[in-house]
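Visitor: Encoded as structure tokens, here's the structure I'll be asking about.
Just so it is clear, none of the values below were taken in a lab; they were calculated from the coordinates. Because the structure is predicted, anything quoted here is derived from the model rather than measured. Note that each Cβ is placed from the backbone with ideal geometry, even for glycine, and that neighbours are counted across all protein chains shown.
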Amino acid sequence: MSIASKPAGVEFRNVSRRYGNTAAVDDVSFAIESGTLVTLLGPSGCGKTTTLRMIAGLEMASSGTILIGGKDVTRLPATDRNVTMVFQSYALFPHMTVADNVAYGLVVSGMRKRDAAAKAAEGLELVGLGGYGQRLPSELSGGQQQRVAVARALVLEPEVLLFDEPLSNLDAKLRRKMRDDIRELQQKLGLTSVYVTHDQEEALAVSDRIIVMNRSVIAQTGTPDELYRRPKNRFVADFIGGANLIDGELVGCSGGMATVALGRLTLSVPDPGLPTGEVLLAVRPNAIRLRAGESGGAGGGDGIPVTVRKATYLGSHMEYGLTSEFGDLFVVDPNVANPVPAGASALATFTGDGIAAVAR
Ligand SMILES: Nc1ncnc2c1ncn2[C@@H]1O[C@H](COP(=O)(O)OP(=O)(O)OP(=O)(O)O)[C@@H](O)[C@H]1O
Ligand SMILES: [Mg+2]
């Protein structure tokens, strides 16, 4: 007996879920490739959980088509879909041993007790909890309980494994470890996984692709790198990586690059596919460098004059709050050896990498 993976792709075609007059999910289409981990990322209330529950069949689409493994499952109830969900609350039975918790779904679906127990033991081994089978959930730490919940889902060999904010009850350090473990297991077993989070760093860390949602619709879909470097709109630029948003002007494009004017400065950024004219520049906090002691003034050269409003030492880097002619700027600078103190005048220069133009 061994835990096999039977991954299937997932497709939404113009799927909506309405409650009365409001749509929790509004005309959403996407395709998740078999064997990949895709994250649904977005702020509270944007429709992530509703989307996940529609994949599971715990929520029915009001309109549109849902396919799993190429098969139309739109009207199939949860019990007829081979999909399992790992909940934020773990939802373990407190009076059952860890082993019985993991075996429960198998026994209910008709597997012989002995076979179910063997498979549960294997599931626990996979998540690093071999030997914990006879404990009660209350005798485990939060992170260990989360692993039990993952093992319980894995032994069912689902076509799609769903995670709804699985790490939000854990402290920051454990969250990082658990997200790496989940990603490793997903890749090792080749599972199709859909992972809900509102934490952009978590999404960047674990995903093959990210579906960014905002107000019931998809704001952008892409790889972590695409979303970070080529945001398509203001929402994505701001939500992922917290860009500074500055008014600029698109002057022209050639060879995949665009020339933008920022006050007196001219910068080269990836071609956003927008017409010339007013644009918004999304400037990453690490795309701005500070040069101390230069007040700029008339002869700013390749930078703009700024005043340092706030300087915070964080060991590996400095964080600055700047006041400039373009408004307040937030900067992350790796130069901790020669920090610029608060109150000082300085020159801010822009590195081409880390700046994207989006529609204003
Ligand atoms: N059963 C329901 N009846 C009415 N409205 C609902 C119902 N379930 C969800 N909604 C609404 O649909 C919207 C999307 O909810 P959903 O739970 O999918 O958001 P979410 O992105 O998972 O948010 P969070 O990050 O807070 O968990 C919300 O505005 C919510 O109030
Ligand atoms: Mg939710």
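Visitor: So what's the net charge close to D72: Lys and Arg +1, Asp and Glu -1, counting the other residues with Cβ under 10 Å from its Cβ? Before the final figure, lay out the partial values.
Guide: Working: positive: R13, K71, R75; negative: E11.
Result for the local shell: +2.
Visitor: Projected onto the charge dipole of segment 200-267 (+1 at Lys/Arg Cβ, -1 at Asp/Glu Cβ, origin at the Cα centre), which of G256, Y228, A243 gives the Cα projection farthest towards the positive end?
Guide: About the Cα centre, the residue reaching furthest to the positive side is G256.
Visitor: Can you sort Y104, Y313, Y195, Y90 from fewest to most other Cβ atoms within 10 Å of each residue's own Cβ?
Guide: Exposure proxy ranking, most exposed first: Y313, Y104, Y90, Y195.
Visitor: May I ask you to list the trypsin sites (Lys or Arg not before Pro) in segment 1-101 that are in a DSSP loop and have at most 13 other Cβ atoms within 10 Å of their Cβ?
Guide: Passing both the DSSP loop test and the Cβ count: R75.
Visitor: Follow-up. Given charges of +1 on the Cβ of Lys and Arg and -1 on the Cβ of Asp and Glu, with all other atoms neutral, how large is the dipole of the chain about its Cα centre, in debye to the nearest 20?
Guide: Using Cβ point charges on Lys, Arg, Asp and Glu, the chain gives about 740 debye.
Visitor: What value, in deg cm²/dmol to 500, does the helix sum -39500 (n - 2.57) over DSSP H runs of n ≥ 4 give at 222 nm once divided by the residues of the chain? Walk me through the numbers on the way to the answer.
Guide: Working: 8 runs with 84 residues, N = 360.
My calculation for the chain gives -7000 deg cm²/dmol from helical runs alone.
Visitor: Can you sort F93, F30 so the residue with the fewest Cβ neighbours within 10 Å comes first?
Guide: Least crowded to most crowded, the residues run F93, F30.
Visitor: Kindly write out, for segment 354-359 in residue order, the coupling ³J(HN,Hα) from the Karplus curve 6.51 cos²θ - 1.76 cosθ + 1.60 (θ = phi - 60°), rounded to whole Hz, with x marking Gly and Pro.
Guide: Residue by residue, segment 354-359 yields x, 10, 10, 9, 10, 5 Hz.
Visitor: Treating cross-link reach as a plain straight distance, find the lysines whose alpha-carbon is under 26 Å from the alpha-carbon of K232, omitting any fewer than eight places away in the same chain.
Guide: Partners found: K48.
Visitor: Let me ask another. Specify, per residue and in Å³, the volume enclosed by the convex hull of the alpha carbon atoms belonging to segment 119-275.
Guide: Enclosed volume per residue, from the Cα hull, is 147 Å³.
Visitor: So, one more: Return the lysines within reach of K188: Cα separation strictly under 18 angstrom, same-chain partners fewer than 8 residues apart disregarded; answer none if there are no such residues.
Guide: Those lysines meeting the cut-off are K6, K119, K177.
Visitor: Counting only DSSP beta bridges with both residues in the chain, what percent are antiparallel, rounded to the nearest 5?
Guide: So the antiparallel bridges in the chain amount to around 80 percent.
Visitor: So which GluC sites (Glu not before Pro) in segment 63-164 pass both tests, a DSSP loop state and at most 16 other Cβ atoms within 10 Å of the Cβ? Mind dumping the intermediate values first?
Guide: On the way: sites: E122, E125, E139, E159; in loops: E159.
Within segment 63-164, no GluC sites (Glu not before Pro) qualify (loop, at most 16 other Cβ atoms within 10 Å).
Visitor: So, one more: Considering the options A118, A153, M85, tell which one lies farthest towards the positive end of the dipole of segment 54-173, charges being +1 on Lys and Arg and -1 on Asp and Glu at the Cβ, about the Cα centre.
Guide: Farthest along the dipole direction, towards plus: A118.
Visitor: What whole-number value in cubic angstrom gives the convex hull volume per residue for the C-alpha atoms of segment 260-347? Please report the intermediate quantities before stating the final value.
Guide: On the way: hull volume 8.8 nm³, N = 88.
Expressed per residue, the convex hull around the Cα atoms of segment 260-347 is 100 Å³.
Visitor: Okay, next question. Which of N101, N335, N14 moves the most in a Gaussian network model of the chain with Cα springs under 10 Å?
Guide: Residue with maximal mean-square fluctuation among N101, N335, N14: N335.
Visitor: For a test of the definition: using alpha carbon positions, the gyration tensor, and the 1.5 limit on a/c, classify segment 10-229 as rounded, prolate or oblate.
Guide: Prolate.
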